[in-house]
Amino acid sequence: MARPTRHAPVSPQRVRPGLHLMLQTLHEVPAFVLGRRTDVLAANRLAREVLTDFEALAVPQRNLARYYLLDPEARIRTGDWERVAAETVAMLRLEAGRHPEDRRLADLVGELTLRSPEFGSWWNDHRVLRRTHGTKHYRHPLVGELHFHYESFQPPGDPDQTLCVYNVEPGSPTAQALRLLSSWVAPTAAP
């Protein structure tokens with residue numbers, strides 16, 4: 001009789017200190033690190049402002065797929081929401097193929113199936129996607145329309161993490177809006 005396979009618990013993913021420091025030094029553009037299951041492992045101040053403040057959420061809620069598919073604010077802020085949300089589901093499908101025994105991913109898929117009206121049809125089309133570059137459009141309540149060219153890649157040493165940087169054309173309306181936004185949300189120095 002075969003024994004059931006036991007899987008060791010998966011330890012939480014961590015962003016190494018050097019990568020975390022790099023995020024914090026990117027002052028002019030939004031940047032964040034995704035882990036397995038589209039978990040948001042770290043984000044700089046502008047990423048938290050443009051998308052949502054992931055650090056203010058409980059750790060299990062810090063997830064890009066959960067944000068796009070379940071947060072009503074994401075539908076308002078994300079230009080071409082349907083395309084972005086469907087691509088995010090395709091990213092989860094890729095993760096499911098890479099980590100078929102990931103219980104937390106299965107739980108996330110179950111939650112999204114129950115709570116998102118669109119998720120089931122996107123999941124069942126079996127599309128897979130690894131985002132590497134492209135464009136994103138957001139509507140910010142303070143500065144309006146923001147257009148980005150993003151680059152996403154795996155930092156050396158951790159194939160389960162993805163660094164995402166939202167670049168802007170220098171001098172563009174988005175660059176000006178981000179400068180304005182950055183000045184409004186700049187941390188205040190302690191007296």
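The values are calculated or read from the model by the stated rules, or taken from the named source; none is laboratory data. Just so we're clear, the structure is a prediction, and the values are computed from it rather than from any experiment. Glycine also receives a Cβ, built like all others from the backbone with ideal geometry; neighbour counts cover every protein chain displayed. Note: accessible area is taken over every heavy atom of the protein model, side chains too, but ligands, DNA and RNA are not part of it. Shrake-Rupley method; radii C 1.70, N 1.55, O 1.52, S 1.80 Å.
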Tell me which residues come under 5 Å, amide H to amide H, from Leu57 once H is placed; ignore anything under 5 positions away on its chain.
none
Can you sort Leu26, Leu163, Leu70 by solvent-accessible area, 1.4 Å probe, largest first?
Leu26, Leu70, Leu163
Which whole-angstrom value gives the distance between the alpha carbon centres of region 78-153 and region 34-72?
12 Å
Using alpha-carbon coordinates, inclination of helix 173-184 to the longest axis of the chain, degrees
90 degrees
Quick check: at a probe of 1.4 Å, how many percent of the accessible area of region 5-118 sits on carbon and sulfur atoms?
55 percent
Could you give the C-alpha radius of gyration of the chain expressed as a fraction of 2.2 N^0.38 Å, taking N as the number of residues it contains?
1.08
Potential extension, His27-Val59 segment - 0.36 nm per residue separation minus Cα distance:
9.1 nm
To the nearest 20 debye, what is the magnitude of the charge dipole of region 4-140 about its Cα centre, counting +1 on the Cβ of each Lys and Arg and -1 on the Cβ of each Asp and Glu?
340 debye
Helix 103-115 sits at what angle to the longest principal axis of the chain, using alpha carbons and giving 0 to 90 degrees rounded to 10?
70 degrees
Charge tally in the Cβ shell below 13 Å around Phe32, where Lys, Arg are +1 and Asp, Glu are -1, Phe32 excluded:
0
Inter-label distance for His137 and Gln13, nm, one decimal - labels placed 7 Å from Cα along Cα-to-Cβ
2.9 nm
DSSP-loop trypsin sites (Lys or Arg not before Pro) across region 100-134, with at most 13 other Cβ within 10 angstrom
Arg130
Degrees, to the nearest 10: 81-98 long Cα axis against longest axis of the chain:
40 degrees
Taking all pairs of distinct Cα atoms, average 1/r, flip it, and tell me the Kirkwood hydrodynamic radius of region 59-119 in Å to one decimal place.
11.9 Å
